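Peer 1: Dropping the structure in here first, questions after.
Throughout, read-outs are computed from the coordinates displayed, never taken from laboratory work. This one's a predicted model, so the numbers in the text were calculated from it and none came from an experiment. Here the Cβ positions follow ideal geometry from the backbone for every residue, glycine too, while neighbour counts run over all protein chains shown.
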Amino acid sequence: MADRQELRDEELVSLCQQGERQCFEILVRRYMEKAFHIAFNFTRDAETAKDLSQDAFLRAFANIKQFDGRSTFYTWFYRIVVNLCLDHARRHNRVTWESLDRLSEEPGEQRQLADSTFVPEQEAIAGEAKRKADQTLESMPNKQRTAFLLRNHQGLSIADIAKVMKTTEGTVRVYLHRAVAALRQSLMEFV
Amino acid sequence: MKQRAPLQSACKSFEEDLVLYYYGETDEVEQRRVQQHLSQCVSCQGFLDDLRRWLPQIAKSEPMAPAFWDDYYRETVTKLARQEERKHWWRALLAPRPMWMVPAFGTVGVAILVVGLLFGKGNLSSFIQRPAERIPQEILADENQLQFFESMDLLESLGKLEKQDDPSTDSTSSQSIRVRMQQDIV
């Protein structure tokens with residue numbers, strides 16, 4: 001099992017397709033944080049993000065035999081996560097503004113005490129800006145928001161985002177630029 | 001409380017390139033072009049600085065506790081196992097059996113059929129042959145009660161006789177009826 005941890009995604013997927021569920025569990029370990037954070041960026045609710053991202057793993061596993069290797073596993077998997085998040089957003093049409101800061105209040109407080117350079121005022125401004133940015137993101141068209149979150153929050157390349165969104169790189173560039181412009185506009189109002 | 005930090009505007013023709021430059025999504029030619037422009041344009045420098053300042057802030061999230069991830073992983077693995085069980089329960093039923101099981105199942109089936117016929121038939125015949133002429137105890141009890149009610153009718157008749165003992169009525173005729181009734185009872 002230990003040497004399997006070293007296997008590439010595609011090798012693990014191949015073993016999963018032969019019925020080795022344990023290999024999929026390695027992929028869960030590998031992608032759970034990213035999956036959760038994407039879902040959290042979309043939903044702003046930790047419980048919902050957990051459910052959605054776990055659901056994405058279940059769907060990926062159920063359809064693992066349909067993965068043909070034309071794209072990388074993570075772009076295929078990200079697409080499942082994003083689709084679930086967008087479906088959820090469509091069904092609920094509403095976002096609860098719960099931040100990760102509030103969920104982990106205690107570690108934040110400990111950090112404040114330990115960090116001598118911590119400036120409460122700057123932190124408050126940054127928090128408010130983030131909140132404003134989150135609201136702007138929520139009101140954005142889904143495609144712009146998806147492109148922005150995958151690039152800015154998840155660090156996916158434009159080429160990979162294009163694969164996840166099944167569109168061209170040029171279109172992703174336009175989405176990204178529009179999203180940044182909208183955010184900039186909202187932050188201009190804020191400062 | 002709020003700190004004024006006005007965002008810079010960029011040259012319109014460079015805005016999109018600056019966003020892509022910030023994300024490292026420009027090729028070498030575009031990169032050189034943007035860098036050259038930046039060296040001459042203060043507004044675009046300010047715009048890029050704003051992106052560098054704000055975009056990482058927006059993406060920032062506090063790390064979750066390790067216990068959260070342990071629970072997350074355990075839950076997901078459990079859900080995966082359950083999903084797999086649900087998916088395969090019917091396959092177990094339809095799975096091909098070893099050849100030796102065919103005559104074994106056949107023998108067991110015939111044995112069940114024979115035992116069923118033997119015992120089932122015995123029960124059926126005993127049910128059919130139940131004597132219809134045998135009178136149940138309940139009906140016999142009802143018959144005794146009928147005799148009881150007949151004697152009750154006689155007592156009722158005696159009550160009527162007592163009413164007739166009234167002085168206003170004819171004493172001789174009533175006396176003769178009473179004698180007749182007492183004879184009936186006897």
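Peer 1: For A:Thr171 and B:Met101, what is the calculated FRET efficiency with R₀ set at 51 Å and r taken between the beta-carbons, to the nearest 0.05?
Peer 2: That pair, A:Thr171 with B:Met101, gives E of 0.25.
Peer 1: A 19 angstrom limit on the alpha carbon distance is what I want to check against. Which of A:Lys143/A:Lys166; A:Lys50/A:Lys163; A:Lys50/A:Lys143; A:Lys132/A:Lys163; A:Lys34/A:Lys132; A:Lys132/A:Lys166 exceed it?
Peer 2: The pairs that break the limit, which is 19 Å between Cα atoms, are A:Lys50/A:Lys163; A:Lys50/A:Lys143; A:Lys132/A:Lys163; A:Lys34/A:Lys132; A:Lys132/A:Lys166.
Peer 1: Pull out a ≥ b ≥ c, the square roots of the eigenvalues of the alpha-carbon gyration tensor of the stretch A:1-98, then state rounded if a/c is under 1.5, prolate if not and a/b is larger than b/c, and oblate in the remaining case.
Peer 2: Taking the square roots of the gyration eigenvalues as a ≥ b ≥ c, the stretch A:1-98 is prolate.
Peer 1: Here is a further query. Put a dot 7 Å past each Cα toward the Cβ at B:Ala81 and A:Leu7; how far apart are the dots in nm?
Peer 2: Spacing of the two 7 Å Cα→Cβ label points: 2.0 nm.
Peer 1: In addition: How far apart, in nm, are the 7 Å Cα→Cβ label points at B:Gln147 and B:Ala111?
Peer 2: A separation of 5.9 nm, rounded to one decimal place.
Peer 1: Let me ask something else about it. Just rank B:Glu84, B:Glu25, fewest to most, by other beta-carbon atoms within 10 angstrom.
Peer 2: Final ranking by Cβ density, sparse to dense: B:Glu84, B:Glu25.
Peer 1: What is the fewest-to-most order of A:Phe24, A:Phe67 by other Cβ atoms lying within 10 Å of their Cβ?
Peer 2: Final ranking by Cβ density, sparse to dense: A:Phe67, A:Phe24.
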